[in-house]
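> Quick one: the structure is below, and I'll ask about it shortly.
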Amino acid sequence: MQQVGSLLVWIVLAFLVATWIALFARRLSPQKAGTLWGIVALPVLAFGLYLGLLWAPPDVLMGEVYRIMYVHFPSWIGTGAGYLTAFVCSLLYIRSRDLRFDSWASAGAEIGLVFNATGLITGSIWGRPTWGVWWTWDPRLTWTAIMAVTFAGYLVLRALMEDPEARARASSLVAIIGFATLPIVYFSVRWWRTLHQPQSSPETVDPQMVVALRTMMLAFLLIFGYLLTRRFALAQLRAEAELAALEPDELEMEAAGD
Amino acid sequence: MSDLRRAVGVARKDLLIERRSKAAFNAMAFFAALVLFIFSFALGPEAPGLSPAGQTLLQYLWPGLLWVAIFFTGILALGRSFQLEMDSGGLQALRLYPGDLKAIYLGKLAANLVVLLAMELLLIPLSAVLYNVDLWTKLPGLLGVTVLGSIGFVAVGTFYAALTANLRAREVMLPLLLFPTQVPIVVGAVRATALIVHGDPMGELNVWLQMLALVDVVLLTVCTLTFEFAIEE
């Protein structure tokens with residue numbers, strides 16, 4: 001099982017890289033890539049859950065409780081990927097003024113926030129039996145909560161603005177400023193206080209756990225890619241609907257002219 | 001050089017309007033006083049603090065309460081800072097002037113900073129009197145912390161005030177966007193203020209002041225570089 005798992009991790013990783021190369025070579029549309037990722041994600045997720053929940057050994061100190069890690073840690077992969085997408089696409093929007101980048105950025109922020117929420121919730125569920133409290137003001141907890149507030153603000157701002165160009169410009173700036181301040185927020189809350197256990201590294205945990213965790217991380221990355229492309233498609237549809245709602249008279253006139 | 005003069009021009013215009021109308025300052029001063037009273041009602045004027053013995057809770061918490069009051073009061077000034085231009089179309093005129101748009105940002109920032117510092121000049125002694133905090137010997141250090149903390153607050157605040165100026169829900173959006181970026185400022189400013197007021201046995205104060213200065217530089221740089229996009233039409 002160990003060998004099967006490691007092999008699968010490498011195969012899925014190669015698949016991800018291949019689809020990315022195909023995307024950049026324009027041999028594959030983002031939507032098709034998303035569909036592929038979604039299809040591949042399901043068996044990988046099932047396999048990863050089997051590895052993590054049944055096959056991997058219980059933890060020496062925490063027993064079975066630790067198994068929530070297989071959802072908790074991959075959630076942060078999705079969070080990071082989402083916010084990074086929002087940041088990079090916002091920069092690209094400010095440079096190019098192409099509204100598709102704005103759609104990508106908003107998709108990234110929204111999916112990132114979803115994973116951020118699952119990360120915080122699973123962490124809280126784990127913290128209750130382990131630390132004895134649902135929440136503590138540990139730097140990493142505090143930091144990820146501030147992240148969530150930052151990008152929630154981004155989404156609230158978008159909901160309040162109607163003009164697509166002004167909304168894209170304002171929210172891009174919020175994503176850029178918000179993302180750029182996250183590192184200094186991290187260091188400031190770390191100096192403020194510290195309690196979180198240091199992250200485990202692959203050298204200190206059971207190799208079975210490593211394989212299970214890597215499988216789950218890849219599964220979440222695939223799910224992230226799938227959700228991102230679907231959310232982008234939705235944003236495009238909404239943009240078209242907004243455009244249609246803005247100029248019904250002109251469109252009717254055009255139709256009458258034909 | 002001429003950009004600097006433009007910035008000074010914008011700041012002088014804003015400060016002249018403020019000096020004549022005193023609209024922002026009066027609202028802020030009364031609001032700040034109210035906040036101080038509410039803290040006293042909420043926490044109890046004679047509740048004992050943690051350490052040293054004999055201190056009241058208000059004295060113990062004073063550094064944190066002071067910065068909460070500064071932030072809540074400062075939001076009032078920031079929210080107004082682009083309103084005049086928005087109502088009269090003045091921002092368009094400002095944008096049309098030749099030269100770098102960063103000058104508008106720096107001018108607005110300077111005006112906001114002066115108004116905020118003036119309010120703090122009132123708030124700090126008033127809170128010290130009301131909560132019976134002894135700080136007359138500590139004023140120079142306190143002044144440094146206040147200026148450093150206020151610069152970081154106003155840097156992002158002015159930026160987001162411009163960004164949200166023509167929103168319907170700007171009163172909600174401004175704090176919602178601004179406060180998450182202010183975590184480093186709150187942490188640094190409150191810690192430094194506490195060290196000044198309650199004593200600094202380990203000599204940590206300088207590190208916190210350096211951190212505040214560094215955060216100020218980062219925030220100022222990011223906001224200055226992106227401001228021209230914030231006031232596009």
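The values are calculated or read from the model by the stated rules, or taken from the named source; none is laboratory data. Because the structure is predicted, anything quoted here is derived from the model rather than measured. All Cβ positions, even for glycine, are placed from backbone atoms using ideal geometry, and neighbour counts span all protein chains on display.
> Give B:Thr181, B:Thr158 a once-over and let me know the one that is within 11 Å of chain A (Cβ to nearest Cβ), touching a residue at least 24 places away in the same chain (Cβ under 8 Å) and polar (S, T, N, Q).
B:Thr181
This table checks each residue for (1) closer than 15 Å to A:Leu221 by Cβ; (2) surrounded by fewer than 16 Cβ atoms within 10 Å (Cβ to Cβ).
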residue: A:Trp10; (1), (2): yes, yes
residue: A:Thr19; (1), (2): yes, no
residue: A:Phe47; (1), (2): yes, no
residue: A:Glu64; (1), (2): no, yes
residue: A:Tyr70; (1), (2): yes, no
residue: A:Cys89; (1), (2): no, no
residue: A:Asp98; (1), (2): no, yes
residue: A:Glu110; (1), (2): no, no
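> So which residues in segment B:130-158 are in contact with a Lys or Arg (Cβ under 6 Å, 6 or more places away or on another chain) and in a loop (DSSP other than H, G, I, E, B)?
none
> Then there's this: Quick one: which residue in A:Gly178, A:Gly112 is away from every other protein chain (no Cβ under 14 Å), in contact with a Phe, Trp or Tyr (Cβ under 9 Å, 6 or more places away or on another chain), in a helix (DSSP H, G or I) and in contact (Cβ under 8 Å) with a residue 24 or more places away in the chain?
That would be A:Gly112, the only listed residue that is away from every other protein chain (no Cβ under 14 Å), in contact with a Phe, Trp or Tyr (Cβ under 9 Å, 6 or more places away or on another chain), in a helix (DSSP H, G or I) and in contact (Cβ under 8 Å) with a residue 24 or more places away in the chain.
> Which one of A:Ala152, A:Ala145 is surrounded by fewer than 18 Cβ atoms within 10 Å (Cβ to Cβ), closer than 24 Å to A:Met62 by Cβ, within 10 Å of another protein chain (Cβ to nearest Cβ) and of a type outside the set (Val, Ile, Thr)?
Result: A:Ala145 is the single residue among A:Ala152, A:Ala145 that is surrounded by fewer than 18 Cβ atoms within 10 Å (Cβ to Cβ), closer than 24 Å to A:Met62 by Cβ, within 10 Å of another protein chain (Cβ to nearest Cβ) and of a type outside the set (Val, Ile, Thr).
> Only one of these is under 22 Å from the mean Cα position of the chain (by Cα), modelled with pLDDT under 90 and of a type in the set (Lys, Arg): A:Arg193, A:Arg238. Name it.
A:Arg238
> Another question about this same structure. So A:Val65 clears everything in (1) over 30 Å from A:Ala170 (Cα atoms); (2) in a helix (DSSP H, G or I); (3) modelled with pLDDT under 90; (4) out of contact with any Pro (no Cβ under 6 Å at 6 or more places or on another chain) except one condition, right? Which one?
Every listed condition holds for A:Val65 apart from (4).
> In addition: Would you call B:Arg191 facing another protein chain (nearest Cβ under 9 Å), closer than 28 Å to A:Met161 by Cα and over 16 Å from the mean Cα position of the chain (by Cα)?
When the stated conditions are applied, B:Arg191 does not pass them.
> Starting from residues that are touching a helix residue (DSSP H, G or I) at 6+ places or on another chain (Cβ under 7 Å) and of a type in the set (Gly, Ala, Ser), keep the ones in segment B:83-105 and report whichever is modelled with the highest pLDDT.
Filtering segment B:83-105 for residues that are touching a helix residue (DSSP H, G or I) at 6+ places or on another chain (Cβ under 7 Å) and of a type in the set (Gly, Ala, Ser), the one modelled with the highest pLDDT comes out as B:Ala103.
> To continue, here is another question. Quick one: A:Trp137 ticks every box in (1) more than 9 Å from chain B (Cβ to nearest Cβ); (2) touching a residue at least 40 places away in the same chain (Cβ under 8 Å); (3) surrounded by fewer than 24 Cβ atoms within 10 Å (Cβ to Cβ); (4) in a helix (DSSP H, G or I) except a single one, so which number is it?
(4)
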